[in-house]
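Just below is one structure, and these are the notes that go with it.
The values are calculated or read from the model by the stated rules, or taken from the named source; none is laboratory data. This structure is a prediction, so every number in the text was calculated from the model and none was measured. Positions of Cβ are backbone-derived with ideal geometry, glycine not excepted, and every protein chain shown enters the neighbour counts. Remember, those area values only see protein heavy atoms, side chains included, never the ligands or the DNA or RNA. Shrake-Rupley method; radii C 1.70, N 1.55, O 1.52, S 1.80 Å.
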Amino acid sequence: MDFAFTPEQEELARTARAFATRELAPRSREWDRTGEFPKATWRRMGELGLLGLRVPVEYGGVDADFVMVGIAMEETARGDFSCTYGIQLAALAGELLGKNGDPGVCRRWLPPVASGEVAMALALTEPSAGSDAAALQCRARRDGDDWIITGEKSGISLGMAADAAIVFARTAAERSRSDTLDRHGRSSARNVSAFVVPLDAPGVSRSALRDMGSHAVGRAVLSFDAVRIPGSHLIGAEGSGFQQVMRGFDYNRVAIALACLGIAQVSLEETMGYVRERTTFGRPLARYEGVSFPIAEAATQLEAARLLCYRALWRVDRGEPHTKDAAMVKWWAPKLARETIHQCLLLHGHYGYTDELPFEQRLRDVIGLEIGDGSAEIMKIIVARELMGRETLPY
């Protein structure tokens with residue numbers, strides 16, 4: 001076994017951490033307060049290569065390994081959690097569009113995604129189809145050489161700021177009812193397709209959602225009222241969209257977990273510095289077991305979760321199965337991060353509870369990813385399925 005990063009991976013970690021410390025952390029509170037999308041910072045992330053990690057080289061990216069995506073997520077989160085959404089969404093765009101898209105559409109969209117000039121959202125979730133992502137109501141129908149998309153997407157990260165979105169819609173309306181249902185009588189995932197949709201197209205409207213955290217991400221409801229797009233904007237074969245996004249979600253769940261661990265780790269490091277200096281009853285707080293033991297427990301669990309994450313990404317890079325590992329860390333790491341940051345907040349006393357320190361913002365931010373990309377309950381269903389077979393599924 002070799003637990004060391006390569007020299008290239010180590011250099012990325014150093015670069016991303018320095019960028020997060022110098023350029024992200026000082027601005028994070030202001031972005032949270034105003035909800036401003038940090039467009040200039042997005043371009044800076046593009047210059048550093050953080051947004052082109054999974055974009056093919058021919059479209060302006062670097063086509064890095066998946067471990068490097070995880071490193072970028074972990075280190076960036078130490079400075080600002082919202083900016084990690086840029087890395088994960090650009091990586092998903094590079095994977096889904098770069099591997100399956102029309103070359104002309106890829107040339108139009110992927111180079112500016114990699115450079116940070118363009119933000120691309122992923123529009124899967126709907127008001128009535130969250131965890132049950134196969135039960136989409138958004139529809140796409142053919143009209144000559146074009147597609148016409150009608151429906152609504154909810155809770156879309158970057159929804160207010162994105163220039164385009166990868167939209168998932170049902171494309172089998174003209175088929176018989178039996179072809180559009182699975183064996184349980186529910187809508188079949190085989191009939192879901194993916195499209196690139198410019199968000200300035202006629203018929204697209206957006207409405208902002210007021211989230212508890214990650215304000216700079218600008219989540220929104222996207223509405224599509226008979227939006228016409230060229231046939232070339234279909235990604236891959238018709239009906240392959242659900243399979244495409246599920247493959248992407250596996251590694252993206254690990255990347256999300258590492259972002260959560262990164263923000264928890266920096267919180268723990270700051271707290272260790274504080275309790276060594278802060279005295280009460282004539283002694284540093286760190287000398288009290290009621291303070292040092294929770295820190296020791298958090299450090300142990302963060303390290304264990306981090307190793308599981310990087311083992312999962314190592315498996316992705318080797319082409320090995322990793323669905324179980326991804327689901328494990330996706331339910332565990334956000335929960336662990338929430339608990340760790342909460343403990344750090346408490347150990348700072350009343351000032352930890354104020355917005356003068358970053359813990360309340362970090363706590364709000366990580367809670368969002370206890371939901372996004374699959375709730376803990378869904379992740380545990382996946383783990384149980386991978387361990388004991390499909391007969392353990394609740395449906």
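Which of T21, L92, V57 sits closest to the plus end of the dipole of the chain, meaning its Cα is farthest towards the positive end, when Lys and Arg get +1 and Asp and Glu get -1 on the C-beta? With unit charges placed on the Cβ atoms, the residue in question is L92.
Is the C-alpha gyration tensor of segment 185-249 telling us rounded, prolate or oblate? Criteria: a/c under 1.5 is rounded; beyond that, a/b larger than b/c is prolate, otherwise oblate. Oblate is the answer for segment 185-249, as a/c is 1.5 or above yet b/c matches or exceeds a/b.
Largest accessible area first, the residues D200, D163, D63 order themselves as D200, D63, D163 under a 1.4 Å probe with ligands, DNA and RNA left out. At q = 0.19 Å⁻¹ the log10 of I(q)/I(0) for segment 209-312 amounts to -1.09, computed by Debye summation with a single uniform scatterer per C-alpha, solvent ignored.
Considering only protein heavy atoms and a 1.4 Å probe, what is the carbon-and-sulfur percentage of the accessible area of the chain?
Values: 9170 of 17630 Å².
Answer for the chain: carbon and sulfur cover 52 percent of the accessible area.
Taking a ≥ b ≥ c as the square roots of the eigenvalues of the Cα gyration tensor, segment 226-269 is classed as prolate, since a/c reaches at least 1.5 and a/b is larger than b/c.
If packing is taken as the average count of other Cβ atoms within 10 Å, what order do 117-123, 305-311, 385-391, 357-363 fall into, highest mean first?
On the way: 117-123: 24.4, 305-311: 19.0, 385-391: 10.9, 357-363: 22.1.
Sorting 117-123, 305-311, 385-391, 357-363 by mean packing, highest first, produces 117-123, 357-363, 305-311, 385-391.
Since only G248, F224, S82 are under comparison, the one whose Cα sits farthest along the positive direction of the charge dipole of the chain, derived from C-beta charges on Lys, Arg, Asp and Glu, is F224.
Cross-link partners of K324 among lysines, defined as those whose alpha carbon lies under 21 angstrom from its own and excluding same-chain residues fewer than eight positions apart: K335, K380. Of all the options T76, T300, T125, the one that moves most in a Gaussian network model of the chain with Cα springs shorter than 10 angstrom is T300.
Let me check against my output: what whole-number percent is the relative contact order of segment 1-121, with C-alpha pairs under 8 Å and at least 6 apart? Numbers along the way, then the final one.
Values: 159 pairs, mean separation 39.2, N = 121.
Once divided by the residue count of segment 1-121, the mean separation gives 32 percent.
A 1.4 Å probe run over the chain, with the rest of the protein chains in place, finds 45 Å² accessible per residue. Think of each Lys and Arg Cβ as +1 and each Asp and Glu Cβ as -1; about the Cα centre, that makes the dipole of segment 242-395 roughly 320 debye.
Here the chain is treated with +1 on each Lys and Arg Cβ and -1 on each Asp and Glu Cβ, and its dipole about the Cα centre works out to around 560 debye.
Over the chain, DSSP H runs of length four or greater, each weighted -39,500 (n - 2.57), average out per residue to a 222 nm ellipticity of -16000 deg cm²/dmol.
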